[in-house]
Amino acid sequence: MAGLGKIILIGVGINIMDIFEGDIVKINLSTLKVEREPSSKYFQRFPGGRGLNQYLLFKELLPGTTPFEPANVIAFGAGLLTGTGAPSSSRLSIDSLNVQTGGIGSSNCGGNFASTLRAASINNLLITGRSKELVFIYIENENIKIINAANLRGKGTVETEIMIKDSIENSEVEILSIVPAGENMVRSACIMVNTARAAGRCGLGAVIGSKNLKAIVVSGNEEITVRNKEAFASKVRSLRKKLEYNPIVQKRKKYGVYFYHPWVGMDETPYRNFQGGILPPENITEKIYAEEFLKYKTESKCCKSCPIKCWSVHEIDNGGRKIISEGMQGNEPHNFGAKLNIFDAKAILKGHAICNDLGLDSDNVCGVIAWAFECYQRNIITEEDTFGLRLEWGNQDTVFKLLSLIAYREDFGDILAEGSKRAAKLLGGSDYSINIKGQELMESLRSSVSWALGVSVSARGGTHTRGAVIEGRLKDLDPDVCKKIFKIEKVNELDSYENKEHLVFYFEILQAMLDSLGICMFTNSLRLDMLTLQDYAELYYYALGEEVNIDKFIETGERIHNLEKCFNVLHQGWTAVHDYPPDRFFDEPIENGPRAGQKLDRQKWSSLLEKYYKIHGWDSSTSWPLQETLERLQLEDLIDKLKEYNRIP
């Protein structure tokens, strides 16, 4: 490929890098042009990671841009504290247009890529355009190479990493890649880091695939220094100790991410595509308890600077062939277990390993498979539609075959590769497409109101990692603590609608700051007995060498959350109607167990949304941020663009 082997110099490396140093690098794969600008001018408003990614996207992308066209931009952002030694500060935020919803597509993953990106003096990397041929980008400190990757097409995660390291003769690099699902622009494609850390949801692997980009490879030798070294180091030591002795962390070290009863605190499951929230009999559920997975666990790994060590490695025998399954999340017993009726620990580990190797996000791909199974159950689709496959609940062989068909867009898999909302337009069964804003749902929503609210209003479409919280994790709070943190007297029961907007607001702000600082949410786990907003604020201000200001810290989180909201308002014009859960959760109650008969209430939900919008300073009818709110949060530069498209209430 002409010109693709050229080394482009983009600056001179340094040995020690101040916390505010490092750049934004933009690479256009169509023109091979590389641009660089300092990140520091943005940090006061957007401290890296998700916040800065999304601000740059808001500036770059015009309404009407679609996810797969060359003009789309995908942004990779290391958090401000990534590489500083702060506990679990290894997270990478990835943001672009969402291939499921058309709004913001936002993901976050661990591994060692983010810290190495910062060590190469890059805080945020933006990719636009489309290469004529499949390529990978190799960043080595100040040097950037764009290298032909035709020989990597169709390779899985492990093979891709081995081949890249061999070709550049450097085994110490960190690699972010897509595999078959991303190359084939499957809407449930994720991005893989270190072969096992998945940046899931939103189909961002397909965005990279649309740009003919196979991987980004990075190495760097810069060291980041903070400004108040003594206070920062002392705080890091105290927080590591606090985490070390926390019982939740102890369990994660032993078991991995999934260490609990699968339906803990909820008494509801996504059984067979959320039909009735049924709790299976104990003799069935016990087959996917954490202890069952522990039987196959061989080791624990950890991301850089992480004291939690939740990256579990499992090994299973598959007919005489060894399968290594790494990094299983707590979602999998819900996705493969309850949702697809596969109550078998080994089968779930195998399904997870297949998703890793093919680059499939298990939440989205299991969601569309569950839709297909229910449509088959109800005779909406037949074997004529499925190319002869019998979609029977619990048939793990059919599920594994479908994963491959989807990743390679073959036969019935080509339809499922579009996601359930689009597939239902072709085949029918839209009532059984369980999605929010167009993205498949992993979470059950009938039992916990604050959980349901956080999932439903999430800007990226149906997710619990942006503000949802289960009330049981906050029970027995001292009234003074409750009032100080949530501005309410007490946390009410799961099915109560009272004051739930305050809980979600707090955790939305917290998560916005974690994603922008590059810190893992497992240091908090939506609890108050682990690291707190105050802890993160002290780390942040000590790193900057400034006086701790918790109110300013919270305001920064609000700014990031409102920016994300404005992106959706600008690009999709979503209103309150898009913040409702699927009808199934209002119309079909939980069928058994302690919460039998419970379902969501539309009238109460509408009232709850109004209170949620009010606490954010958003218009109650459109849900759009008010101009005075944007001005208070120093987002004046968003207002003109929103006004141009009539998106200010």
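The values are calculated or read from the model by the stated rules, or taken from the named source; none is laboratory data. Computed from a predicted model, the values in this text were never measured in an experiment. Note that each Cβ is placed from the backbone with ideal geometry, even for glycine, and that neighbours are counted across all protein chains shown. For accessibility, only protein heavy atoms count, side chains too; no ligands or nucleic acids. Shrake-Rupley method; radii C 1.70, N 1.55, O 1.52, S 1.80 Å.
Write out the GluC sites (Glu not before Pro) in segment 545-589 meeting two conditions: DSSP loop, and at most 15 other Cβ atoms within 10 Å of their Cβ.
Details: sites: Glu546, Glu547, Glu555, Glu558, Glu564; in loops: Glu546, Glu547.
Those that pass, being in a loop and sparsely packed, are Glu546, Glu547.
Lysines within cross-link reach of Lys346: Cα-Cα under 19 Å, excluding same-chain residues under 8 positions apart?
Hits, sequence-local ones excluded: Lys254, Lys287, Lys295, Lys297, Lys322, Lys401.
Identify the GluC sites (Glu not before Pro) of segment 330-430 meeting these criteria: DSSP loop state and at most 12 other C-beta atoms within 10 Å of the C-beta.
On the way: sites: Glu374, Glu383, Glu384, Glu392, Glu410, Glu418; in loops: Glu383, Glu384, Glu392, Glu410, Glu418.
Filter output for segment 330-430: Glu383, Glu384, Glu392.
Where the centroid of each part is defined by its Cα atoms, how far is segment 540-597 from segment 202-267 in Å?
21
Excluding Ile208 itself, what net charge comes from residues whose Cβ is under 15 Å from its Cβ, given Lys and Arg +1 and Asp and Glu -1? Provide the component values of the computation, followed by the final result.
Working: positive: Arg130, Arg153, Lys155, Arg187, Arg201, Lys211, Lys214; negative: Glu69, Asp95, Glu133, Glu183, Asp361.
Surrounding charge for Ile208 is +2.
When the chain is fully extended, how far beyond the present Cα-Cα distance does Asn170 get from Asp551, taking 0.36 nm per residue of separation?
132.6 nm
Can you bin segment 170-247 into rounded, prolate or oblate? Criterion: square roots of the alpha carbon gyration tensor eigenvalues sorted a ≥ b ≥ c, rounded for a/c under 1.5, prolate for a/b above b/c, oblate for the rest.
On the way: a/c = 3.14, a/b = 1.99, b/c = 1.58.
It comes out prolate by the Cα gyration axes.
Given a 1.4 Å probe and every protein chain left where it sits, what share in percent of the accessible area of segment 216-364 is carbon and sulfur? If you can, show how the numbers build up before the last one.
Working: 2840 of 5940 Å².
Carbon-and-sulfur percentage of accessible area, whole number: 48.
Tell me, how many Å apart are the Cα centres for segment 176-195 and for segment 615-631?
With segment 176-195 and segment 615-631 each reduced to a Cα centre, they are spaced 36 Å.
Would you calculate the separation in nanometres between label points at Ile615 and Glu489, each defined as 7 Å from the Cα along the Cα-to-beta-carbon direction?
Result for the modelled spin labels: 1.7 nm.
Assign one of three labels to the chain, namely rounded, prolate or oblate, based on the Cα gyration tensor with a ≥ b ≥ c the square roots of its eigenvalues; rounded applies when a/c is under 1.5, prolate when it is not and a/b is larger than b/c, and oblate otherwise. Don't jump to the answer; show the numbers that get you there.
On the way: a/c = 1.32, a/b = 1.09, b/c = 1.21.
Note, shape of the chain comes out rounded.
How about Lys211: which lysines have a C-alpha closer than 18 Å to its C-alpha, ignoring those fewer than 8 places off in the same chain?
Straight-line reach from Lys211, under 18 Å: Lys26, Lys33, Lys132, Lys145, Lys155.
Rounded to the nearest 20 Debye, what is the dipole magnitude of the chain about its Cα centre when Lys and Arg each give +1 and Asp and Glu each give -1 at the C-beta? Don't skip to the end; give the middle numbers.
On the way: 77 positive and 84 negative charges, 129 e Å.
Rounded to the nearest 20 debye, it is 620 debye.
Once the Cβ-Cβ distance between Lys254 and Glu384 is put in as r, and R0 is 35 Å, what FRET efficiency do you end up with, to the nearest 0.05?
Values: r = 49 Å, r/R0 = 1.39.
Efficiency computed from Cβ-Cβ geometry: 0.10.
Just subtract the alpha-carbon distance of Gln603 and Asp583 from 0.36 nm times their residue separation and send over the number in nm, one decimal.
Working: separation 20, 0.36 × 20 = 7.20 nm, distance 1.32 nm.
The span from Gln603 to Asp583 would gain 5.9 nm if fully extended.
In whole percent, how big is the carbon plus sulfur part of the accessible area of segment 44-144, probe 1.4 Å, protein atoms only? Walk me through the numbers on the way to the answer.
Numbers: 880 of 1880 Å².
Solvent-exposed carbon and sulfur of segment 44-144 make up 47 percent of the total.
Would you mind telling me the share, in percent, of accessible area of segment 447-587 contributed by carbon and sulfur at probe 1.4 angstrom? Intermediate results must be reported in sequence, preceding the final value.
Working: 2000 of 4370 Å².
Carbon-and-sulfur percentage of accessible area, whole number: 46.
Go ahead and run the numbers for FRET between Asn228 and Lys132, Cβ-Cβ distance against an R0 of 51 Å, rounding to 0.05.
On the way: r = 49 Å, r/R0 = 0.96.
The formula returns an efficiency of 0.55 here.
Quick one: accessible area per residue over the chain, 1.4 Å probe, rounded to a whole number of Å²?
That works out to 35 Å² per residue.
List the aspartates and glutamates whose Cα sits under 18 Å from the Cα of Lys552, skipping any in the same chain fewer than 8 residues away.
Output for Lys552: Glu508, Asp515, Asp535, Glu538, Glu628, Glu631, Glu636.
Under 1.5 on a/c is rounded, so check that first for segment 448-572, then, if it is not, pick prolate when a/b is larger than b/c and oblate when it is not; a ≥ b ≥ c are the square roots of the alpha carbon gyration tensor eigenvalues. If you can, show how the numbers build up before the last one.
Values: a/c = 1.83, a/b = 1.10, b/c = 1.66.
Note, shape of segment 448-572 comes out oblate.
In whole angstrom, note down how far apart the Cα centers of segment 463-505 and segment 334-349 are.
If we compute the Cα centre of each part, the gap is 31 Å.
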